[in-house]
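K.L.:
Can you read through this structure? Questions will come right after.
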Amino acid sequence: MTPLDAIEADARRPLSGTGRIAKLAAPRSARILRRNRVLEAIDRKSRSSVCWVAAPAGYGKTTAVIDYLESVEAPHVWFRVDEGDQDIARFFQYLTQSLAPPAVGDMPVFGVEYAEQPNEFARRFFRAYFARLKPDTILVLDDLHDADTPEFRGVLSVMFRELPDTVRCICASRTLPREELSDLVLRGQMAVVDRSALEFSTAEARDLVQLRSKNASVDVEAARGWAIGLVLLADHGSTVGPDDTSGGQNALLDVLGRHFFLSLPATDQDMLLRLNLLPEISAELADEMIGSGEAGKLLDRLYKRQLLVTRTESSRDVFYLHDLLRDFLDRSFAERVPREEQRLLKRKAATILVEAGRLDEAIPLALQAEDWGLASKLILSRAEDVLAQGGRATFIDWCGRLPEALMSGWHFYWLGVAHVPDDVAAERWLAKAWQAFGEADDQRGLCLTVSRAVLVKTASWRTYEGLSMWTRRAFELIERGLPELPREEAMLVRIGMMRALNFGDDYYRGSPAGQALEAELLERLTKNSGQDPSGFRLLASETLIDLSASTMRADLFAKAVDSVIDDLGEKDVLPWILGMWLVAFGAESGRYFPYKRRNFPYPSSEAALREAIAIGERESLKSVEFGGLYHLQMQMKVRNDFAEFHQVVERLAEIADSRFT
């Protein structure tokens with residue numbers, strides 16, 4: 001991770017959300033049978049602990065939670081977990097969007113600087129998130145089984161441990177709490193409402209069937225309390241219970257086929273198979289997918305009959321298909337629709353989503369359709385923003401499904417950026433980008449690639465092996481003359497190129513081209529204070545501070561620091577950027593260039609290093625804290641001050657890893 005990636009993330013923080021997308025809107029059912037004993041169980045267990053509602057598919061978990069929310073009339077946040085949340089950056093992003101706009105403010109963003117310490121970031125994120133919720137808010141996490149990975153469960157564990165008394169949490173899942181949460185269960189901080197509590201009693205079953213069909217004569221015993229079975233019984237008179245699904249998921253889907261899907265007209269069956277391709281189904285998109293106004297009418301009919309279709313609380317025109325129905329339609333689509341037609345339909349769905357501005361949902365469909373041209377174009381259009389929001393895993397997955405032979409230098413470049421936390425992996429992709437850009441004579445791509453590679457390799461303490469190759473390439477580009485670039489890209493390239501000269505041979509640094517680059521960067525820093533973001537300016541200043549130390553030029557150090565005094569107090573500067581600048585300033589000021597100015601906020605180099613350490617601790621930025629501690633203990637040794645020396649060294653040992661030793 002380089003500081004530059006952090007500042008780019010800040011420039012593209014996700015827009016605040018209002019909970020109007022289906023993922024953040026609770027489903028709404030037309031007819032719910034209120035079961036007070038179930039509501040009392042949820043209420044009792046959620047008031048003293050995290051309430052975990054666990055049962056197999058079709059037992060009414062979501063319906064029970066919806067009914068509970070309506071019964072208590074408390075403020076709530078609804079979050080429907082899906083497979084995309086396995087990329088935890090997306091999980092954090094959507095949780096931020098669940099806040100009301102004024103509360104979003106400066107919520108932490110899961111940038112690449114936190115890629116290797118997600119739990120530390122999660123702790124900071126959830127403290128900020130819960131502080132912004134209204135007292136007595138109920139946070140609901142539905143379908144937790146869809147993101148059942150160790151990393152996601154680790155983040156959940158942090159969330160539950162940070163949950164304040166003013167917020168309650170209700171979870172719905174097909175599985176019981178896994179091992180990461182077992183200690184919470186043992187300590188009574190998590191309570192389970194299980195299948196036995198959700199099963200309909202005979203009296204409740206009769207009430208449900210009568211509510212739906214007005215036919216009290218049907219035999220409800222065979223359903224054995226299974227909600228889906230009772231729904232099918234009420235609608236079709238079909239006798240089905242959990243025993244009919246004892247063969248597992250396939251048997252369950254067979255039941256849906258026999259008792260629901262095959263009972264529909266063939267035209268309705270065909271429409272459902274097509275509509276299931278859309279991840280979020282609005283009436284408008286449904287009609288466009290089918291090519292007529294019948295799709296929206298079909299969804300409305302099924303909703304009114306409560307046949308595995310619900311609406312969201314935010315819109316009457318957005319429908320939600322039950323997971324069981326989704327799974328059945330997925331299997332049926334694969335079995336019944338010829339492969340070439342599947343591709344054409346998926347391409348059509350992707351195109352509709354693109355036109356609706358939902359590019360992230362269109363990309364997986366374009367990949368499944370093997371429309372490599374469309375998928376490639378969409379991936380590159382989203383690369384910068386997705387990575388800035390921390391979606392490394394999502395971007396890497398997208399590219400991993402593209403044939404590498406069809407990838408361009410820009411795919412390789414952004415894959416290098418996505419792998420920045422691992423300098424070895426990042427360099428591997430950037431090397432591919434360099435080769436592809438060279439073959440295409442793409443000067444912009446070459447300059448950005450070299451700059452990224454140098455920043456990645458010089459940010460790691462692990463090894464500078466191979467760095468000389470990149471510094472040589474950088475000098476060749478500098479000698480040739482840098483191309484015209486957009487303003488922020490031009491700043492990025494000049495910072496990277498200047499860093500290359502810092503680590504390259506003295507000849508490069510002292511050459512006319514090298515001196516011209518230094519003068520250009522210094523002039524931009526000192527004379528254009530209002531035209532570049534403060535974060536970029538601090539990065540440029542840090543690079544010149546490093547240069548001043550390697551060339552022993554006190555005047556350059558003073559200019560590099562003088563020019564950014566006002567930027568140090570800017571609220572939009574990311575902690576990562578400020579922390580690394582303080583480390584660079586504190587190290588060189590303490591060793592070579594004592595610095596004092598009337599308006600400068602740090603009275604000494606040690607004060608700057610201690611502030612960097614505090615930022616690292618507060619913001620869970622291990623490399624910032626390590627840098628501050630390392631240079632602080634060096635200064636302590638120089639002045640024979642050992643009062644705190646052992647504590648500093650012990651902390652260094654605690655947080656050190658292979659990059660910082």
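FYI, it's all coordinate maths here, none of it is from the lab. All figures in this text were calculated on a predicted structure; none of them were measured in a lab. Here the Cβ is made from the backbone with ideal geometry for all residues, glycine too, and neighbour counts use every protein chain on show.
K.L.:
Pairs of Cα atoms under 8 Å, at least six residues apart: use those to get the relative contact order of the stretch 3-198, whole percent.
P.N.:
36
K.L.:
Ok, one more. Using the Karplus curve 6.51 cos²θ - 1.76 cosθ + 1.60 with θ = phi - 60°, what ³J(HN,Hα) values do you get for each residue of the stretch 202-212, in whole Hz, with x for Gly and Pro?
P.N.:
So the Karplus estimates, Gly and Pro as x, are 4, 5, 5, 4, 5, 4, 5, 4, 5, 4, 8 Hz.
K.L.:
For the stretch 634-651, what does the Karplus curve 6.51 cos²θ - 1.76 cosθ + 1.60, with θ = phi - 60°, yield as ³J(HN,Hα) per residue in whole Hz, taken in order and with x for Gly and Pro?
P.N.:
Per-residue couplings from phi come out as 5, 5, 4, 5, 4, 9, 6, 10, 10, 4, 10, 4, 5, 5, 5, 5, 4, 5 Hz.
K.L.:
Among the listed pairs K23/K348; K559/K637; K571/K637, which are separated by more than 27 Å between their Cα atoms?
P.N.:
Beyond 27 Å: K559/K637; K571/K637.
K.L.:
Okay, moving on. Given the pairs K346/K377; K297/K377; K61/K346; K457/K527, which are separated by over 27 angstrom at their Cα positions?
P.N.:
Listed pairs above 27 Å: K297/K377; K61/K346; K457/K527.
K.L.:
Roughly speaking, what is the centre-to-centre gap between the stretch 33-66 and the stretch 409-468 when only Cα atoms are used, to the nearest Å?
P.N.:
51
K.L.:
Okay, moving on. Apply the Karplus parameterisation 6.51 cos²θ - 1.76 cosθ + 1.60, with θ equal to phi minus 60°, to every residue of the stretch 588-601 and state each ³J(HN,Hα) to the nearest whole Hz, in sequence, with x for glycine and proline.
P.N.:
After applying 6.51 cos²θ - 1.76 cosθ + 1.60, I find 7, 5, x, 8, 10, 10, x, 9, 9, 9, 4, 9, 7, x Hz.
K.L.:
Under 1.5 on a/c is rounded, so check that first for the chain, then, if it is not, pick prolate when a/b is larger than b/c and oblate when it is not; a ≥ b ≥ c are the square roots of the alpha carbon gyration tensor eigenvalues.
P.N.:
On the way: a/c = 2.91, a/b = 1.83, b/c = 1.59.
Here the chain falls in the prolate category.
K.L.:
Determine the percent antiparallel among the DSSP beta bridges restricted to the chain, to the nearest 5.
P.N.:
Values: 8 of 26 bridges.
The answer is about 30 percent antiparallel.
K.L.:
Can you pull the Kirkwood radius for the stretch 568-661, inverse mean 1/r over Cα pairs, to one decimal in Å? List each step's numbers first, then the result.
P.N.:
Details: mean 1/r = 0.0741 Å⁻¹.
It is 13.5 Å.
K.L.:
When only DSSP loop residues count, what chymotrypsin sites (Phe, Trp or Tyr not before Pro) in the stretch 522-619 have their Cβ near at most 16 other Cβ atoms within 10 Å?
P.N.:
Listed in order of number, the matching sites are Y592.
K.L.:
Let me ask you something else. Would you please name the trypsin sites (Lys or Arg not before Pro) within the stretch 552-627 that are DSSP coil residues with at most 10 other C-beta atoms within 10 Å of their C-beta? Each step should come with its number before you reach the end.
P.N.:
Working: sites: R553, K559, K571, R591, K596, R597, R598, R610, R618, K622; in loops: R553, K571, K596, R597, R598.
Sites meeting the loop and neighbour criteria: K571, K596, R598.
K.L.:
Cβ neighbours within 10 Å, averaged per peptide: list 357-363, 288-294, 399-405, 491-497 in order, most packed at the top.
P.N.:
Values: 357-363: 18.3, 288-294: 14.6, 399-405: 12.4, 491-497: 24.7.
Per-residue Cβ counts within 10 Å, averaged per peptide and sorted highest first, yield 491-497, 357-363, 288-294, 399-405.
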